[in-house]
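Novice: The structure follows.
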Amino acid sequence: MNTSMTINATAPWLLRALHRGRRAPGRCARGPRAARCRTTSSRNISRAAPTSSCRQPSLRLTADVIAFAYREVPKWNPINVCSYHLQEAGATPVQELAFALATAIAVIDAVKATGQVPAGDLPQVIGRISFFVNAGLRFITEMCKMRAFTELWDELCRERWGVADEKLRRFRYGVQVNSLGLTEQQPENNVYRILLEMLAVTLSKDARAAPCSCRPGTRRWACRGPWDQQWSIRLQQIVAYETDLLEYDDIFDGLARDRRQGR
């Protein structure tokens, strides 16, 4: 089982509690059992530390959590660089990408600077970094954003940190469709909005999201119930099993290659 802590400030303490807990359900025991524990901690410097006076302590805490996970729970994803809220606060898709990568660079450089992780093991740590991104209604821009995310992350891992293993350079991310664009008026139209947002992050095979969170059409003003959960999973099943989306290689790869070569 892999759980996700969609939370910031308390993530380090929850990690410690699960690791040290005596009878807590789902706890991670020490020793061999700890190596099998899987989950993801959400942590974002720009969200957790809005003022310059707090950024360095927050960055150090994040680096310490990553180093602790490297030693004690190596299958734990110690940080989920969350850029979702940036678009919710008004950032464009391009700005979301830039701030997310800047945060990831700051975090990994901080881990490296602490000296808690041997240089030879840094690629293993980088391979456990994950991202949580936003998918808005700017359909073409969002698809290009995800392709850029994957290519830039691969380039950063190779050139900045010397990660040779292609698997450890993989851009691992989950997505949540944008909820601010949903409307209470004529809520049936939210179905089209959410479908377009989901297609933007699944059309390109080389940058396809694995986990997708599709908000129900009533997200803005109502609590979710069983129907909402069913609505979300049915949308994903229709896209996956009733279309031919998964039958082809990346149909945009040639276009991207031609663009890079100036054609």
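Novice: I need the full set of residues from the stretch 119-165 which are free of Cβ contacts under 8 Å to residues at least 12 places away in the same chain and either touching an Asp or Glu at 6+ places or on another chain (Cβ under 7 Å) or within 28 Å of GLU72 (Cβ to Cβ) (or both), in order please.
Specialist: Matches in the stretch 119-165: ALA119, GLY120.
Novice: So which residues in the stretch 173-207 are assigned to a loop (DSSP other than H, G, I, E, B) and in contact (Cβ under 8 Å) with a residue 60 or more places away in the chain? Even if it seems obvious, please write down each step before you answer.
Specialist: Filtering the stretch 173-207 down to residues assigned to a loop (DSSP other than H, G, I, E, B) leaves 178-186, 201-204.
If the condition is that a residue be assigned to a loop (DSSP other than H, G, I, E, B) and in contact (Cβ under 8 Å) with a residue 60 or more places away in the chain, then ASN178, SER179, LEU180, VAL201, LEU203, SER204 are the ones that fit.
Novice: Next question, about the same structure. Quick check on ARG60: is it surrounded by 15 or more Cβ atoms within 10 Å (Cβ to Cβ), touching a helix residue (DSSP H, G or I) at 6+ places or on another chain (Cβ under 9 Å) and either modelled with pLDDT under 70 or not β-branched (Val, Ile, Thr) (or both)?
Specialist: It is false that ARG60 is surrounded by 15 or more Cβ atoms within 10 Å (Cβ to Cβ), touching a helix residue (DSSP H, G or I) at 6+ places or on another chain (Cβ under 9 Å) and either modelled with pLDDT under 70 or not β-branched (Val, Ile, Thr) (or both).
Novice: Can you tell me which residue is modelled with the lowest pLDDT among those in the stretch 227-236 that are out of contact with any Pro (no Cβ under 6 Å at 6 or more places or on another chain) and of a type in the set (A, V, I, L, M, F, W, C)?
Specialist: It comes out as TRP227.
Novice: In addition: Quick check on this structure: which one of LYS167, LYS145 is within 18 Å of ALA210 (Cα to Cα), basic (Lys, Arg) and in contact with a Leu (Cβ under 7 Å, 6 or more places away or on another chain)?
Specialist: Of the residues listed, the single one that is within 18 Å of ALA210 (Cα to Cα), basic (Lys, Arg) and in contact with a Leu (Cβ under 7 Å, 6 or more places away or on another chain) is LYS145.
Novice: Could you check the stretch 67-85 and list, in sequence order, the residues that are at pLDDT below 85, part of a loop (DSSP other than H, G, I, E, B) and either buried (at least 21 other Cβ atoms within 10 Å of the Cβ) or of a type outside the set (D, E, K, R) (or both)?
Specialist: Within the stretch 67-85, VAL73, PRO74, TRP76 qualify.
Novice: Hey, does the stretch 237-260 have a residue that's at pLDDT 85 or above, among the polar types (S, T, N, Q) and not in a helix (DSSP H, G or I)? So that I can check it myself, show each step before the final result.
Specialist: Let us first name the residues in the stretch 237-260 that are at pLDDT 85 or above, namely 237-252.
After this cut, where a residue has to be among the polar types (S, T, N, Q) as well, the list is 237, 243.
If we keep only those that are not in a helix (DSSP H, G or I) too, we end up with 243.
Yes; the residues of the stretch 237-260 include at least one that is at pLDDT 85 or above, among the polar types (S, T, N, Q) and not in a helix (DSSP H, G or I).
Novice: Turning to a different aspect of this structure: Has the stretch 178-185 got any residue that is surrounded by fewer than 16 Cβ atoms within 10 Å (Cβ to Cβ), out of contact with any helix residue (DSSP H, G or I) (no Cβ under 8 Å at 6 or more places or on another chain) and at pLDDT below 90?
Specialist: Yes, the conditions are met somewhere in the stretch 178-185.
Novice: For the condition surrounded by fewer than 15 Cβ atoms within 10 Å (Cβ to Cβ), out of contact with any His (no Cβ under 7 Å at 6 or more places or on another chain) and not hydroxyl-bearing (Ser, Thr, Tyr), what is the one hit in GLY174, GLY127, GLY136, GLY162? Before you say what the answer is, go through the steps one by one.
Specialist: Values: GLY174 fails: surrounded by fewer than 15 Cβ atoms within 10 Å (Cβ to Cβ); GLY127 fails: surrounded by fewer than 15 Cβ atoms within 10 Å (Cβ to Cβ); GLY136 fails: surrounded by fewer than 15 Cβ atoms within 10 Å (Cβ to Cβ).
Exactly one of GLY174, GLY127, GLY136, GLY162 is surrounded by fewer than 15 Cβ atoms within 10 Å (Cβ to Cβ), out of contact with any His (no Cβ under 7 Å at 6 or more places or on another chain) and not hydroxyl-bearing (Ser, Thr, Tyr), namely GLY162.
Novice: Further question: Do we find that VAL73 is closer than 20 Å to CYS157 by Cα and free of Cβ contacts under 8 Å to residues at least 60 places away in the same chain in this structure?
Specialist: no
Novice: Could you pull out every one of the helices (runs of 4 or more DSSP H) wholly within the stretch 93-169 that has 2 or more residues that are touching a helix residue (DSSP H, G or I) at 6+ places or on another chain (Cβ under 6 Å) and not hydrophobic (A, V, I, L, M, F, W, C)?
Specialist: Hits in the stretch 93-169: 93-114, 139-159.
The values are calculated or read from the model by the stated rules, or taken from the named source; none is laboratory data. All figures in this text were calculated on a predicted structure; none of them were measured in a lab. Reconstructed Cβ throughout: ideal geometry from the backbone, glycine too, with neighbour counts over all protein chains shown.
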